[in-house]
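What follows is one structure encoded as structure tokens, with my remarks underneath.
The values are calculated or read from the model by the stated rules, or taken from the named source; none is laboratory data. It should be emphasised that the depicted structure is a prediction, and the values quoted were computed from it without experimental measurement. Cβ: placed from backbone, ideal geometry, glycine included. Neighbour counts: every protein chain shown.
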Amino acid sequence: MIKALAVSAVAFLLAGCGSPNGNSWLIRTATDEVSVKEAGIRWIEMAPEARIRFLSGNNPVGDFVTALGRNSMVTEEIDNETYLYSPVVQTMRDCWLTNSSFIAYTDSITSQVRENISEGDLSNYRELLGKIVWYSSETEGQQGPERLPELGWAVAFAFDSMDTGSTVEIEGLVYTLDSVVTSPRHLIDETLADTDRFVAFAINSLAESRVKRHLASLKNTVLESINIDSAAVATYCTRRGSMEDSAILASWNSGSISVLEFDGITTFLSIGRPYTTTSASWVSHNLNNQARLSYITEIYAEENPDDFITIQQEANDFAVDKASELLYTANVTNMVVVPDSMVLEAYSVMDSIPMMPESRIFESVAVSGDVLDEALAMVNNGDDLLEFGNPGYREFLAPGTEFLSRQVYPTELPQSMETTLFLLEEGDSQWQRPIEVVEDLFVIYRLVEIIPPHTASFEEMYESIKLGLLVHLEEQRTMEWICELEQNYDLQINHEILGDLPEDPSLWGSL
Amino acid sequence: MKILALVSVMAVAAFAMTDAAPQIGVTQPGVDTWLEEIAYFDLEGGGIPNAYTVGCGWDGVDFWITNGAGQAGSSTGMFYIFDHDGILTDSFPQVNAPGWGLRDLCCDGTYMYGSVSSSIDYYDITTRAKVGNFIGPISPNRALAYDGTHFYTSSFSTDVYQLIWDGVSGSTAASTIWSTAATSAYGAAWDALGDCLWVTSANGSGILDQIAADGSLIAHHTLSGLSTMGGATMAGMYPVNELYVLAQGSPDAMHGYDVNPVALQRDTWGSIKVLF
């Protein structure tokens, strides 16, 4: 701790001796060493928003060097099978890889398809604009509605010259034109008159439809071969603990997904939040989708090996990030608790307790537009509106009640409701005019109680005090943990050369 | 704010072992049992002057938020443009969209689409001018999504329709009933990575439906902390795949779900994390 603070606070007050160069060590632990040059490169490679984090402090370079030393220790701490190489983190890495590859592949083929759209394509599109078709074929079954120009040109022009109900054979496949709708000629002519907009639309339409068709064919290829073990999926949803980690949930021509791997996929989809599903359809959908993404990743890696290496590196960085979060959770988050007694003690020692503004409690009934008149008729007849049966304004209901609100403050309410509710005087229990709080949802309400301004109670302060304590204790525990690491790793900062280095770390890389 | 400041002072006095000033008041929005909330911005606090926001779309750079300014006394609805960090950067009126105005939005990379009646209007995302319209199957075509070729729409008590527009302004889109799995839909967003349609519900229960590409229900999710939802949109920020939903609450707000960068908000740990 003392060492860390010393580095942060006085690094540049220490006059160095000697002439540091890029190879001089700047940070040293029991297992690692960072040179001046390496630190300079890390500074340059840092994202601008990350660099601002240091530049906005009083001691940017000192804080940067300290953080770099700590980062080095944390990197060592996660470099094992508990964290970085754990099955869950590695599966999350693979999910990141497949997601990114899918995006890159889609972008890549979209770009290629757009480049290949010809003047002939645009001319054909111009001719067929305004036509939507339904059709059927032996291989695709019933299709539609589809834009006619988005079908292959041979099929599209054949359909354009056919009567509905008739068939045509193209490249060995028989197609039946089931139905056609055509926009009015004058609207088509007006659209074509704006050439730039028409061309932009046609290019988008052709590119998107061709890419979509291609991706659908890849998906079908995978789904034709995938075998999802529905019994295993059912067990996974109800008794995960009874399953072997290696049990296979799904397999296809070029891959498979085990129970443990699906745990990782679930963790990726929920990004670290523990999630237990009982939905077999959710599991099956994600098994199918992961198989699709994996297959497309294989294709992308084969067609774009250099770009794929870059994505792999980014996936590795993502895995490091996730592993470090697991480490933090184990060493900090899970170690910090804020008991109610601590919150109470903090409340009791507050120098001054803030005043709470006036609040009010109301009773309400919420109705949709189609029954609003019925509800208003009850009010006019003097009937008990609560017997209408519709629960009140859900957002403000007190726990366990159907009509009674909790205490509300003026700023919480829709303006039109706030104005009226907070003008009502004590004892006025008339039902007020309905307010449409969200579309087609009307609230009819009446005042129940006025709570005047008062000193905040413990209950009213509880959440904000607890949050403040939690944030603070986490920070305190982080510092304790970091100090333990600094001792274990014998973290050293080369104070002697710091004073002789250029003030701008981006220059260290060229020393 | 006064309360938080007091807590901050009290906490500093009690625990002085820190590298830097403690951060109090970190946003802690509600979370779902599955989807983790990664982003939140208050639309009313962010500059929209009333609580009538209804829909959202993403043009590749910014969010477009629709607001039923007609409900607040104006003659037509408004668009509000927010950047990815939730900063209001622009606003301009919708064309002839009274009452609640255009509802949910979707974008095809050229146009932003939204509906106030049976008509689906489209605006150039560069000039932000209305370019044209076409007719959809319901009125209004409240929830709206686009998957690259097909649109999807639904409403409070309708099925989900898949429709295709021929590109001719003023024409009527052809449509079919695609799914019966949505629950009182208000917003929709097509997720290309997840190969599914997300549909938000306006029934006050916080339901978010996930529907497969064949129209079958994958799962009903419930977003705790949210009740009545408006529009939905994907906001793909490579490599993160983000789903945003608009909550019609107090205040109206945008909630984003997926990867969680919250670690960077912590003091000491955040400084270490940014170097990975």
*Does B:ALA247 count as within 21 Å of A:PRO391 (Cβ to Cβ), among the small types (Gly, Ala, Ser) and more than 9 Å from chain A (Cβ to nearest Cβ)?*
yes
*Which pairs do you get when a residue that is at the interface with chain B (Cβ under 10 Å from one of its Cβ atoms), found in the stretch A:97-122, comes within reach of a residue that is surrounded by fewer than 17 Cβ atoms within 10 Å (Cβ to Cβ) and not aliphatic (A, V, I, L, M), reach meaning Cβ atoms under 8 angstrom, with the pair 6+ apart or on two chains?*
A:LEU97/A:GLN312; A:SER100/A:GLU314; A:SER100/B:TYR238; A:ILE103/B:GLY236; A:ILE103/B:TYR238; A:ALA104/A:ASN304; A:ALA104/A:ASP307
*Scanning for something within 19 Å of A:VAL349 (Cα to Cα) and hydrophobic (A, V, I, L, M, F, W, C), does the stretch A:437-452 turn up at least one residue?*
no
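On the basis of being over 30 Å from B:GLN71 (Cβ atoms), more than 38 Å from the chain's Cα centre (by Cα) and surrounded by fewer than 20 Cβ atoms within 10 Å (Cβ to Cβ), does A:GLU503 make the cut?
Values: over 30 Å from B:GLN71 (Cβ atoms): yes; more than 38 Å from the chain's Cα centre (by Cα): yes; surrounded by fewer than 20 Cβ atoms within 10 Å (Cβ to Cβ): yes.
It is true that A:GLU503 is over 30 Å from B:GLN71 (Cβ atoms), more than 38 Å from the chain's Cα centre (by Cα) and surrounded by fewer than 20 Cβ atoms within 10 Å (Cβ to Cβ).
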*Among residues belonging to the stretch A:278-302 that are without any contact (Cβ under 8 Å) to a residue 40 or more places away in the chain and not hydrophobic (A, V, I, L, M, F, W, C), point out the one that is surrounded by the fewest Cβ atoms within 10 Å (Cβ to Cβ).*
A:GLU302
*Within the stretch B:138-185, which residues are under 20 Å from A:ARG213 (Cα atoms), among the aliphatic types (A, V, I, L, M) and more than 10 Å from chain A (Cβ to nearest Cβ)?*
B:ALA145
_As an exercise: evaluate A:TYR175 against (1) within 14 Å of chain B (Cβ to nearest Cβ); (2) closer than 23 Å to A:TRP134 by Cβ; (3) touching a helix residue (DSSP H, G or I) at 6+ places or on another chain (Cβ under 8 Å) and give the number of the one condition it does not meet._
(1)
*asked:* Can you report the number of residues in the stretch A:181-214 which are touching a residue at least 60 places away in the same chain (Cβ under 8 Å), closer than 16 Å to B:SER171 by Cα and facing chain B (nearest Cβ under 7 Å)?
replied: 1
_I need a count of the residues in the stretch A:139-150 that are modelled with pLDDT under 95, not acidic (Asp, Glu) and not in a strand (DSSP E or B)._
1
*Starting from residues that are crowded, with 20+ Cβ neighbours inside 10 Å and closer than 17 Å to B:GLU37 by Cβ, keep the ones in the stretch B:202-226 and report whichever is modelled with the highest pLDDT.*
B:GLN210
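Of the residues A:ARG197, A:ARG147, A:ARG213, which is surrounded by fewer than 16 Cβ atoms within 10 Å (Cβ to Cβ) and touching a helix residue (DSSP H, G or I) at 6+ places or on another chain (Cβ under 9 Å)?
Working: A:ARG197 fails: surrounded by fewer than 16 Cβ atoms within 10 Å (Cβ to Cβ); A:ARG147 fails: surrounded by fewer than 16 Cβ atoms within 10 Å (Cβ to Cβ).
Matching residue, one of A:ARG197, A:ARG147, A:ARG213: A:ARG213.
Please tell me if B:SER75 is over 18 Å from the mean Cα position of the chain (by Cα) and over 24 Å from A:SER183 (Cα atoms).
Here the answer is yes, as B:SER75 does meet what is asked.
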*Return the total of residues in the stretch B:134-159 being free of Cβ contacts under 8 Å to residues at least 40 places away in the same chain and within 22 Å of A:ALA207 (Cα to Cα).*
3
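Return the only residue of A:ALA154, A:ALA232, A:ALA216 being in contact with a Leu (Cβ under 7 Å, 6 or more places away or on another chain) and either in a strand (DSSP E or B) or hydrophobic (A, V, I, L, M, F, W, C) (or both).
Values: A:ALA154 fails: in contact with a Leu (Cβ under 7 Å, 6 or more places away or on another chain); A:ALA216 fails: in contact with a Leu (Cβ under 7 Å, 6 or more places away or on another chain).
Testing whether each residue is in contact with a Leu (Cβ under 7 Å, 6 or more places away or on another chain) and either in a strand (DSSP E or B) or hydrophobic (A, V, I, L, M, F, W, C) (or both) leaves just A:ALA232.
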*asked:* Given (1) on the phi < 0 side of the Ramachandran plot; (2) surrounded by fewer than 18 Cβ atoms within 10 Å (Cβ to Cβ), identify the lone condition not met by A:ASP490.
replied: (1)
